[in-house]
Ligand SMILES: CC(C)(COP(=O)(O)OP(=O)(O)OC[C@H]1O[C@@H](n2cnc3c(N)ncnc32)[C@H](O)[C@@H]1OP(=O)(O)O)[C@@H](O)C(=O)NCCC(=O)NCCS
C-alpha cells in the first residue's frame, strides 16, 4: 500500500472551536482580505510602522494563490486555514514549517483576524503541536514572538512553549526596535504534560 505523505497530503484537524483545513490557492482571496488587518501585519512583523500606506499584504491575491498552491505540495511545511466551526468562516492561518528531518524539528506560526480572544488560537496551537509530535514525529517545535505581543506569548506558554532566548531589537517598528523571543516545546515535555 502506498504511504500517504503527511506533508504533501496533510490531514484536516478538528477541534471543538476550529477546523484546520489544508490550504491551497483557492484560499488566497480570503486570506489576502484578512491579511489587511493592521494588527495581523504589526504582530507578525509584516509591517514596520503605523502608516496606513504600509499596511496590508505585500503580495497581490493572484501572487498569493500561486504561493499557496506551491506550498500545498511542499515537503517541508503544512499550511492550514483556520475555520471557525460555529460560523464556517475562514479566520486565519496556521503553519508548521521549516521541517528539518535530521533534527526532527519544525517551526510554527499562526494568525487570526476577526475572531480573536475567544480561545481559537489556543486550540489551533494545541492541534498543530499535537500533530507535530504524534503524527509527524517531531522532537522540537519552535517559534518567535515579538515582545509587544503578550497575548500570543500567553497562548504559547499555555500550550507548553518555553522561552529559550531573545533576539534583541530584531524588528524595526516606527522609530523603535522590538525584541523577538525564541520559544520551543520538546516532545518529552509534551508527552509528560499529556500524561500528567
Ligand atoms: C495571537 C493569537 C493567535 C491568539 O489567538 P486568540 O484566539 O486571540 O487567543 P486565545 O483567545 O486562545 O487566548 C488568548 C490568551 O491570552 C490572554 N491575553 C489576552 N490579551 C493579553 C495581554 N495583553 N497580555 C497577556 N495575556 C493576554 C487571554 O486572557 C488568553 O489567556 P487565558 O485563556 O489564560 O485567559 C491571535 O490573537 C492573533 O492572531 N493575533 C494577531 C496576530 C498574531 O499575534 N499572531 C501571532 C504572532 S507570534
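Things worth noting here:
- Entry note, the stretch 1-158: relative contact order of 23 percent, from Cα contacts under 8 Å with a spacing of 6+ residues.
- DSSP bridge pairs, the stretch 13-140: antiparallel proportion in percent, nearest 5: 95
- Residue exposure sequence - 14, 122 - by fewest surrounding Cβ within 10 Å: 14, 122
- Each principal axis of the Cα atoms in the stretch 45-95 has its own extent, and those three values, largest first, are 33, 31, 20 angstrom.
- Shape call, the stretch 28-69: gyration tensor on alpha carbons, a/c limit 1.5: prolate
- Choice from 71, 111, 177 with maximal GNM fluctuation in the chain (Cα, 10 Å cutoff): 177
- Neighbour counts of C-beta atoms inside 10 Å place 133, 148 in the sequence 148, 133, starting with the fewest.
- Helical content alone sets the calculated 222 nm signal of the chain at -9000 deg cm²/dmol, taking -39,500 (n - 2.57) per DSSP H segment of four or more residues and averaging over every residue.
- Compactness relative to 2.2 N^0.38 Å, alpha carbon Rg of the stretch 13-140: 1.06
- For the options 79, 155, 178, a Gaussian network treatment of the chain with springs between C-alpha atoms closer than 10 Å singles out 178 as fluctuating the most.
Values quoted throughout were computed directly from the atomic coordinates according to the rules given, and no laboratory measurement underlies them. Computed from a prediction, not measured in an experiment: that's the story for all the values here. Note that each Cβ is placed from the backbone with ideal geometry, even for glycine, and that neighbours are counted across all protein chains shown.
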